[in-house]
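These notes are about the structure you will find just below.
The values are calculated or read from the model by the stated rules, or taken from the named source; none is laboratory data. Small disclaimer: the values here were computed from a predicted structure and weren't measured. Cβ: placed from backbone, ideal geometry, glycine included. Neighbour counts: every protein chain shown. What goes into the accessible areas is simple: the full protein's heavy atoms, side chains included, and nothing from ligands, DNA or RNA. Shrake-Rupley method; radii C 1.70, N 1.55, O 1.52, S 1.80 Å.
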Amino acid sequence: METLVVERSGGVVTVTMSRPDKKNALTPTMFRELVEVFSEIANNPDDRVLVLTGAAGDFCSGADLTGLRGDALKYMATAHEVPRALHALTIPTIAKVDGVAVGAGWNLALGCDLVVATERARFSQIFVRRALSLDFGGSWLLPKLVGIQKAKELAFFGDIISAADAAELGLVSKVVPVEDLDATVDIMAARLVEGPAQAISLTKQLLNASADGGGLEVALRNESHVQANNINGEEAQEAKDAFLEKRDAVFFRPVKV
């Protein structure tokens with residue numbers, strides 16, 4: 001695989017997103033490889049727990065939109081196969097987060113059953129800073145996890161929040177020192193592997209079903225259409241230009257009279 005490292009040990013499959021020079025930003029290649037791996041895990045009875053993480057001290061800096069051309073709706077359809085495949089897994093899933101987890105990267109982590117983060121981890125629904133709206137299931141996950149008003153605050157401003165603040169909001173299961181991250185996740189994964197697999201799987205499905213509301217499918221379909229419009233819009237182009245030119249984006253220019 002070009003963008004992932006997959007390791008198996010004692011019933012735990014660890015999938016590491018590996019584009020360290022880009023803080024593991026998601027690309028169409030990574031979309032396809034994540035879906036392939038998640039589908040493989042779904043059909044492998046020896047895989048009892050998934051740990052999803054990023055290489056070189058970061059989780060994921062979101063989607064890499066550099067050079068994106070063509071049909072934005074088709075792009076979103078490809079991207080959204082990832083949260084769909086992750087959500088379909090019936091085994092327990094753990095996001096192991098260090099460094100940045102922003103945009104689609106944060107929502108990928110939130111799509112896991114448990115999130116373990118280091119004290120230096122930082123999170124943001126950064127979409128608005130790129131003149132984009134939520135994707136990767138964020139419009140479904142956030143209100144479910146923090147309530148509608150806090151979800152709007154996180155989405156409208158795109159502020160970066162600390163691991164401690166994320167934990168206080170219920171968006172992180174556990175915060176640990178950097179040096180304890182691997183050991184903490186290893187212990188949690190081992191306990192899940194040693195537990196009753198069927199009971200844990202069915203419990204997961206019951207809890208998800210009770211919290212689904214409109215469901216992930218509805219959210220992903222809505223997000224795809226909205227985000228495709230954003231990607232092709234003038235505001236997103238201004239956001240991209242500002243980012244490349246290392247300046248603040250200007251979305252509102254008062255009319256001179």
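General observations
- Leading residue by the ranking (least open to solvent (accessible area, probe 1.4 Å)) among those in the stretch 142-163 that are under 18 Å from the mean Cα position of the chain (by Cα) and over 18 Å from VAL128 (Cβ atoms): ALA163
- Residue in the stretch 99-121 that is most open to solvent (accessible area, probe 1.4 Å), counting only those that are assigned to a strand (DSSP E or B) and closer than 16 Å to LEU142 by Cα: LEU114
- Every residue from the stretch 73-104 that is out of contact with any Ser or Thr (no Cβ under 9 Å at 6 or more places or on another chain), among the hydrophobic types (A, V, I, L, M, F, W, C) and over 24 Å from ILE160 (Cβ atoms): LEU89
- Unique match (being open to solvent by less than 40 Å² (accessible area, probe 1.4 Å), outside any helix (DSSP H, G or I) and either in contact with a strand residue (DSSP E or B) (Cβ under 8 Å, 6 or more places away or on another chain) or within 30 Å of GLY11 (Cα to Cα) (or both)) among VAL193, VAL172: VAL172
- Among the residues listed as PHE136, PHE157, the single one being in contact with an Asp or Glu (Cβ under 9 Å, 6 or more places away or on another chain), under 30 Å from LYS246 (Cβ atoms) and aromatic (Phe, Trp, Tyr): PHE136
- From THR203, THR184, residue being hydroxyl-bearing (Ser, Thr, Tyr) and crowded, with 17+ Cβ neighbours inside 10 Å: THR184
- Within the stretch 206-221, the set of residues being exposed (fewer than 13 other Cβ atoms within 10 Å of the Cβ) and free of Cβ contacts under 8 Å to residues at least 24 places away in the same chain comprises LEU206, LEU207, ALA209, SER210.
- Flag if GLN198 is open to solvent by 30 Å² or more (accessible area, probe 1.4 Å) and either of a type in the set (Lys, Arg) or under 27 Å from ASP47 (Cβ atoms) (or both): yes
Residue-by-condition table, conditions (1) open to solvent by 40 Å² or more (accessible area, probe 1.4 Å); (2) within 20 Å of SER201 (Cα to Cα); (3) modelled with pLDDT of 95 or more:
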site: PRO20; (1), (2), (3): yes, no, yes
site: ASN43; (1), (2), (3): yes, yes, yes
site: ASP47; (1), (2), (3): no, yes, yes
site: THR66; (1), (2), (3): yes, no, no
site: ALA72; (1), (2), (3): no, no, no
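Residues are listed down the side, and each one gets a yes or a no for (1) modelled with pLDDT of 95 or more; (2) among the hydrophobic types (A, V, I, L, M, F, W, C); (3) more than 25 Å from ALA209 (Cα to Cα); (4) out of contact with any Cys (no Cβ under 9 Å at 6 or more places or on another chain):
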{"position": "ALA88", "(1), (2), (3), (4)": "yes, yes, no, yes"}
{"position": "CYS112", "(1), (2), (3), (4)": "yes, yes, no, yes"}
{"position": "ALA117", "(1), (2), (3), (4)": "yes, yes, yes, yes"}
{"position": "PHE127", "(1), (2), (3), (4)": "yes, yes, yes, yes"}
{"position": "ARG130", "(1), (2), (3), (4)": "no, no, yes, yes"}
{"position": "TRP140", "(1), (2), (3), (4)": "no, yes, no, yes"}
{"position": "ALA151", "(1), (2), (3), (4)": "yes, yes, no, yes"}
{"position": "ILE161", "(1), (2), (3), (4)": "yes, yes, yes, yes"}
{"position": "GLY170", "(1), (2), (3), (4)": "yes, no, no, yes"}
